[in-house]
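Report on the following structure.
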């Protein structure tokens, strides 16, 4: 049967076919009710502007938003506070006027512009690689890269981001999950596969986040590289939560001096750089392979040129300005204040997971903080393991000393009300 006859029925039986198809529909009301019962249903909650403070509103559906008073936003990944910076808006507007508001096509057709090439040159210089390639999102970069590499086996940290997990699934590779941030567990998994499988001609890929978004900890990249190299495997590192925060705009790979040992560096432009898109950085051959075979790149319209122009300006600010230093000062004051109250704060980065433990207590704490004008969500199972519910704080370089004091005062009052302090 042809494609047309299967998808374009005609004749007297059309309505009959349609009626039968309805018997095989989807009970989405039941699915939503199930999520509601498990406390997992979420709603869109608009903000009136992107920045350290904003007015919020309950999901208005199709109605005008009913804005609250200004709230202190501590739930953003805009770590350098650049998303609302007028310099990025000016760069985006200038690029839109010079190049266009959209790429207009896949970059392999006519969507490849000077804005994309300039950004990729700057990213390659920052990541200390031969080339870089920009994708429409970090998610697309992960899925596109892993599937295009088409490994026989992927060795993945158990807490890797969902986009890495989906890339592994779509690649069809055997997924070997190793214990979080454990080079010993990685070695054991590789040793076991080498023993149990005829792996002579296999391609192996070790994939890890550098900074983990829910725990705020850092992968031991040098030790992971040692393990991978001993088995001839490639290493891919997702720097989504690290790009732009370290010397010269780099990430953990640059901080640790590992640019020449990590085969695939990946990240986003939408977190510390405050814009939109994702990127992959590596050698010339890697980039040429990806732009030819990564379906998320080949079959997507190119990143909007204004986003590329804004990202380039943001990267310049991260490399040349004092935003990272300002961020670490805010983070240090916030962490010290919370720990002085008796809270346990996980990690070692700009992400501050305030461990609560019990799901109900975490939700109650988040509710009290919300009443105090603080936007800081409760993270609970299944996103994190049972018994480790938490409030995930993400201070930014745009927060002031007064903002930190307001945050700490709210945590002290809310913690006392909930019985955590």
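Read-outs: derived from the displayed coordinates by stated rules, not from any lab. The structure displayed is predicted, hence computed values, not measured ones. Quick reminder, even Gly has a Cβ in these numbers, built from the backbone with ideal geometry, and neighbours come from all protein chains shown.
General observations
- The residues 204, 234, 67, when put in order of fewest to most other Cβ atoms within 10 Å, stand as 67, 234, 204.
- GNM flexibility winner over the chain from 52, 377, 385 (Cα, springs under 10 Å): 385
- Projecting label points 7 angstrom from Cα along Cα→Cβ for residue 50 and residue 38 puts them 3.1 nm apart.
- Across 329, 77, 142, mean-square fluctuation computed from a Gaussian network of the chain (C-alpha pairs under 10 Å connected) peaks at 329.
- Over the chain, dividing the summed -39,500 (n - 2.57) contributions of all DSSP H runs of at least 4 residues by the number of residues returns a 222 nm mean residue ellipticity of -13000 deg cm²/dmol.
- 38, 55 arranged by Cβ crowding within 10 Å, fewest neighbours leading: 38, 55
- Among (i) 34, 30, 26; (ii) 31, 29, 20; (iii) 34, 24, 18, the entry that matches semi-axes √(5λ) of the Cα gyration tensor in Å as calculated here: (i)
- Extension gain, residue 125 to residue 158: 0.36 nm times the residue separation minus the Cα-Cα distance gives 8.8 nm.
- Ordered by the count of other Cβ atoms within 10 Å of each Cβ, fewest first, 236, 214, 341, 190 give 341, 214, 190, 236.
- Efficiency of FRET from Cβ geometry, residue 195 and residue 87, R₀ 56 Å, rounded to 0.05: 0.50
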